[in-house]
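These notes concern the structure reproduced below.
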Amino acid sequence: MTESRIDLPENHAIEMLITSRERDIGGFSVRRLLPYMSHRMVGPFVFFDHMGPAEFEPGVGMDVRPHPHTHLSTVTYLFEGAIRHHDSLGSDQLIEPGAINYMTAGYGIVHSERTPEPLRSRGGKMNGIQCWIAVPTDVEDGEPAFSHHPAHTIPEVTLGKTKARVLLGSVLGVASPVPVQSDLFYAEVKIPKGATFTVDEPAREAAVYIVEGSVTARGEEDNEVSLVGTTMAVIRNGRKLHLRALEDTHLMLLGGVSLGPRFLFWNFVASSQEKLDRAKRDYAGGPGSARFPKVPGDTQEFIPLPEEPKRGTPL
């Protein structure tokens with residue numbers, strides 16, 4: 001796997017800049033930022049994918065067939081477009097821009113994500129972020145759950161000329177209503193040209209992802225560096241990062257308290273290799289078991305378990 005890395009001076013407030021890599025997820029490409037070979041997680045965030053921006057022709061859409069997850073929570077947040085979410089709990093939810101879709105896999109869940117038929121028929125855009133979040137070991141094997149939070153329930157905060165929406169956890173003096181399992185934060189931030197925004201998380205890991213636009217970034221005594229669209233900056237622990245928008249800029253702020261290392265195989269995340277091996281055995285025949293039921297309304301196809309490697313990758 002080829003990955004692009006930009007190194008910075010040893011003591012800069014930015015520990016690492018990560019550039020996105022394209023991955024196909026079912027009809028179109030995503031820009032993947034996490035996991036990264038030399039920086040696997042930011043707080044509990046295991047995966048961070050920028051879906052799009054993409055434009056579908058009439059009759060074409062995203063089709064992520066039913067597939068399983070374990071021991072994590074998934075978060076879907078759209079800027080444009082729509083996704084129809086189905087899962088093995090019986091959830092059937094249309095995800096639209098500004099809303100939060102939060103699915104906790106627990107011991108096991110199966111879900112699918114597809115472009116809804118009205119949008120597929122006429123064609124349209126897709127742009128958003130999907131994350132996977134590790135959960136504490138004492139709730140890894142809990143019951144699966146699903147919650148949807150419409151756009152109007154997500155709190156907003158204004159900091160000078162900068163506006164932010166707090167999607168998960170507590171940050172910028174505001175708490176999201178979405179139930180989470182650990183000390184984390186996730187926010188959408190929009191900085192107009194010439195305005196500034198400071199990330200100040202002394203006790204939690206943090207990163208910013210530039211969705212669109214560009215900023216200069218510096219610590220308290222650092223030289224400025226430029227950050228451009230589809231780049232993630234991982235902030236050195238305990239350091240402030242001052243951002244100044246060179247143009248209207250849209251970014252995501254994420255992080256939290258580390259939960260320790262995790263192992264990854266395909267769509268399974270767990271705190272031990274043994275749990276990964278058990279999940280592989282239980283899904284070997286696809287959906288239909290007590291642990292990985294079929295998805296009501298989406299039973300005609302599924303994504304099969306991929307071939308080995310036999311060992312999970314520690315995160």
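The values are calculated or read from the model by the stated rules, or taken from the named source; none is laboratory data. Since this is a predicted model, take the numbers as computed values, not measurements. No Cβ is skipped: glycine too gets one built from the backbone with ideal geometry, and neighbour counts run over all protein chains shown.
Kindly evaluate Ile109 against the criterion of being of a type in the set (Val, Ile, Thr), over 21 Å from Asp298 (Cβ atoms) and crowded, with 19+ Cβ neighbours inside 10 Å. Write out each step before concluding.
Values: of a type in the set (Val, Ile, Thr): yes; over 21 Å from Asp298 (Cβ atoms): no; crowded, with 19+ Cβ neighbours inside 10 Å: yes.
Against the criterion (of a type in the set (Val, Ile, Thr), over 21 Å from Asp298 (Cβ atoms) and crowded, with 19+ Cβ neighbours inside 10 Å), Ile109 does not qualify.
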Looking across region 82-115 at residues that are under 17 Å from Pro68 (Cα atoms) and small (Gly, Ala, Ser), the single one that is farthest from the chain's Cα centre (by Cα) is Gly90
Here the residues within region 48-76 that are modelled with pLDDT of 95 or more and of a type in the set (Phe, Trp, Tyr) are Phe48
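Just to be sure before I move on: is Val208 closer than 19 Å to Phe79 by Cα, part of a loop (DSSP other than H, G, I, E, B) and touching a residue at least 40 places away in the same chain (Cβ under 8 Å) in the structure I sent? So that I can check it myself, show each step before the final result.
Numbers: closer than 19 Å to Phe79 by Cα: yes; part of a loop (DSSP other than H, G, I, E, B): no; touching a residue at least 40 places away in the same chain (Cβ under 8 Å): yes.
Considered against the rule, which asks whether it is closer than 19 Å to Phe79 by Cα, part of a loop (DSSP other than H, G, I, E, B) and touching a residue at least 40 places away in the same chain (Cβ under 8 Å), Val208 comes out as no.
Go over the candidates Tyr186, Tyr209 one by one and state the one that is buried (at least 23 other Cβ atoms within 10 Å of the Cβ) and under 23 Å from His12 (Cβ atoms). Let's see the steps before the verdict.
Values: Tyr186 fails: under 23 Å from His12 (Cβ atoms).
Tyr209 is the lone residue from the list that is buried (at least 23 other Cβ atoms within 10 Å of the Cβ) and under 23 Å from His12 (Cβ atoms).
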Among Glu307, Glu224, Glu205, Glu247, the single one that is over 24 Å from the mean Cα position of the chain (by Cα), of a type outside the set (Ser, Thr, Tyr) and at pLDDT 95 or above is Glu247
Here the qualifying pairs (Cβ atoms under 8 Å; residues six or more apart or on different chains; first in region 77-88 and modelled with pLDDT of 95 or more; second outside any loop (DSSP other than H, G, I, E, B) and hydroxyl-bearing (Ser, Thr, Tyr)) come out as Ile83/Thr76; His85/Thr76; His85/Ser112; His86/Ser112; Asp87/Ser112
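Given the criterion among the small types (Gly, Ala, Ser), at pLDDT 95 or above and surrounded by fewer than 21 Cβ atoms within 10 Å (Cβ to Cβ), identify the matching residue among Gly43, Gly98.
Values: Gly43 fails: surrounded by fewer than 21 Cβ atoms within 10 Å (Cβ to Cβ).
Matching residue, one of Gly43, Gly98: Gly98.
Please find, among Val180, Val166, Val189, the residue that is assigned to a loop (DSSP other than H, G, I, E, B), touching a Leu at 6+ places or on another chain (Cβ under 8 Å), of a type outside the set (Gly, Ala, Ser) and closer than 25 Å to Ser73 by Cα. Reasoning before the result, please.
Numbers: Val166 fails: assigned to a loop (DSSP other than H, G, I, E, B); Val189 fails: assigned to a loop (DSSP other than H, G, I, E, B).
Every option except Val180 fails the conditions.
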*What about Pro66, is it farther than 25 Å from Glu212 by Cα, touching a His at 6+ places or on another chain (Cβ under 8 Å) and not in a loop (DSSP other than H, G, I, E, B)?*
yes
Flagged in region 83-94 as surrounded by fewer than 20 Cβ atoms within 10 Å (Cβ to Cβ), in a strand (DSSP E or B) and among the aliphatic types (A, V, I, L, M), in numbering order, are Leu94
Note on region 261-288: residues farther than 15 Å from Gly106 by Cβ and among the small types (Gly, Ala, Ser) are Ser272, Ala284, Gly285, Gly286, Gly288
